[in-house]
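The values are calculated or read from the model by the stated rules, or taken from the named source; none is laboratory data. The structure presented is a predicted model; accordingly, all values stated were derived computationally and were not measured. Here the Cβ positions follow ideal geometry from the backbone for every residue, glycine too, while neighbour counts run over all protein chains shown. Side chains are part of the model used for accessible areas, which takes the heavy atoms of the whole protein and leaves out ligands, DNA and RNA. Shrake-Rupley method; radii C 1.70, N 1.55, O 1.52, S 1.80 Å.
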Amino acid sequence: VVTLMTEAYISYEGDDFGAVLGRQAIDLEWVGDYHEAVTLTSDMLPATELTAGYSRSLAVADEDDLQHSFSDIGDDGAWFLDARVSPAEGLLLNPYYIYTDGVFDGLGLKADFEHASGLGLTAHYAASDVEVAGEADGAILLLELRGMLGGLALAVGYIDTDKRGGVGHLDELGENINPLEEGNQVYGADARTWYLGAEYRIGHATLGLLVGNSNYAGNSKEREVDLGLAYDLADIAANLSLNLVYADIAADAGSDDYEKLTLMLSYGF
């Protein structure tokens, strides 16, 4: 049995300022999962939310990846600064900066636009200046278009990484660009990934389908099909849900083909 205490912190919340110290969940671009960190937040600037912080260690606590403990981030931890700016209705700009001494510093900009009709667009670019000897710098580009067709939510996207360096260590502190359950090659060097997703809600159930294709390392390919079912069990108990994900991965190298099934029953309180 694996157990991990993911959150244990002290916090302060004022009118325009907040602070959290200790083990906490963080959901920023390239800084995610659980961190032993200090984070400072402010909304003093007009239409802007600022988050600054320092993290010394990281842990992942997913249903298929539960770590035993927090792991140190390099020798001196990581610093990050994130701004979420809303200059107009439906538009969100998210510039950010990340620094890990001796490993990399990363700079990125994400732009999200959501129209009242249900149409959405995301453009996201990030670059990594890698400090590790012998390793190339990294970069990644994401473009995604979303929309509604009746009760069906649709999305199509494209992800492109640097030909030599891939994402250049950007994904080491947590990530939220890869849309696939596995997506083994999405962040690799010279990877170009197309994906198409659909989601439909029926009563308490949400059905999902995601198909992705990655071309990488010249002419190599990996194809993935994900099927998902999320069911709200609120009739049995409040905050109780069931999630099932089936993934089928087919790679050019036959030995890399595999299937994966994840079933999770979760309760929030």
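Quick notes
- Segment Leu50-Thr262, length gained on full extension (0.36 nm per residue, minus Cα span): 72.7 nm
- Additional length obtainable on full extension of the chain from Ala237 to Leu81, 0.36 nm per residue less Cα span: 52.2 nm
- Rough spin-label spacing in nm, given labels placed 7 Å along Cα→Cβ, for Ser69 and Ala88: 5.2
- Long-range HN-HN contacts of Phe104 with modeled amide H, under 5 Å: Glu131
- For Lys221, the lysines whose Cα falls under 24 Å of its own Cα, not counting residues fewer than eight places away in the same chain, are Lys163, Lys260.
- Computed E for Lys221/Ala8 - FRET, C-beta separation, R0 35 angstrom, nearest 0.05: 0.20
- Calculated P(r) of the chain - Cα pairs past 26 Å, %: 51
- Whole-Hz ³J(HN,Hα) from phi, Karplus 6.51 cos²θ - 1.76 cosθ + 1.60, for the range 192-204, glycine and proline x: 10, 10, 9, 9, 9, x, 9, 9, 9, 9, 10, x, 8
- Proximal aspartates and glutamates to Lys110, defined as alpha-carbon separation beneath 12 angstrom and excluding residues fewer than eight positions away on the same chain: Glu29, Asp82, Glu144
- Surrounding net charge for Gly208, when Lys and Arg each add one and Asp and Glu each subtract one, Cβ distance under 11 Å: -2
- Net charge dipole size for the chain [Lys, Arg +1 and Asp, Glu -1 on Cβ; Debye, nearest 20]: 620
- Most positive-pole-ward Cα, Leu265, Leu145, Pro46, against dipole of the chain from beta carbon charges: Leu145
- In this simple spin-label approximation, Asn213 and Asp16 carry label points 7 Å from Cα along the Cα→Cβ vector, and these lie 5.2 nm apart.
- Neighbours of His124 by Cβ distance under 10 Å: Lys/Arg scored +1, Asp/Glu scored -1, total -2.
- Split the accessible area of the chain by element, probe 1.4 Å, and carbon with sulfur accounts for 57%.
- Summing +1 for each Lys or Arg and -1 for each Asp or Glu among the other residues whose beta-carbon sits under 10 angstrom from that of Asp160 gives 0.
- Here the Karplus curve 6.51 cos²θ - 1.76 cosθ + 1.60, taken at θ = phi - 60°, turns the phi angles of the range 74-82 into couplings of x, 8, 10, x, 9, 10, 8, 9, 9 Hz, with x standing for Gly and Pro.
- In order along the range 111-118, the phi-based Karplus estimate (6.51 cos²θ - 1.76 cosθ + 1.60, θ = phi - 60°) of 3J(HN,Hα) comes to 10, 10, 10, 10, 9, 4, 6, x Hz; Gly and Pro are listed as x.
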